[in-house]
């Protein structure tokens with residue numbers, strides 16, 4: 001964990017959901033954010049990278065898909081919002097960049113498939129959209145001053 005991560009925590013930014021396998025949710029969706037996330041993943045020991053990803057309709061996938069690792073296993077999902085890009089369309093757009101995987105009707109189904117295929121030495125990353133990541137985050141505890 002770098003100094004920034006030690007001082008500031010945002011839900012959905014490099015949020016570890018599980019450790020075996022390592023499951024990380026990160027709402028990176030632009031070039032800068034995705035470069036950072038993929039560099040961080042490269043520095044971690046792992047056997048296989050599984051990426052659950054979803055985007056919004058107005059996102060130009062060609063601006064970021066070239067950053068995604070070609071060796072990862074992909075699980076394309078549509079976020080449960082009207083702006084969610086259909087998973088099949090995202091899968092087709094990703095295939096143009098050599099990114100291969102399956103399309104799922106929901107982020108939770110895509111994550112379940114990744115968890116089923118992954119072993120404990122793998123990494124599962126959920127990314128591509130704040131909306132995609134929000135669907136798999138645990139509910140935050142409610143804090144009161146009572």
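Figures for the structure shown
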| read-out | value |
| --- | --- |
| GNM result for the chain, Cα springs below 10 Å: residue of 96, 35, 78 fluctuating most strongly | 96 |
| Most mobile listed residue (131, 38, 76) in the chain, GNM with C-alpha springs under 10 Å | 38 |
| Kirkwood-type radius of the stretch 1-122, with distances r between different C-alpha atoms, in Å | 14.9 |
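All of the numbers you see were taken from the coordinates with simple rules; none came from a lab. Since the model is a prediction, treat every value here as computed from it, not as a measurement.
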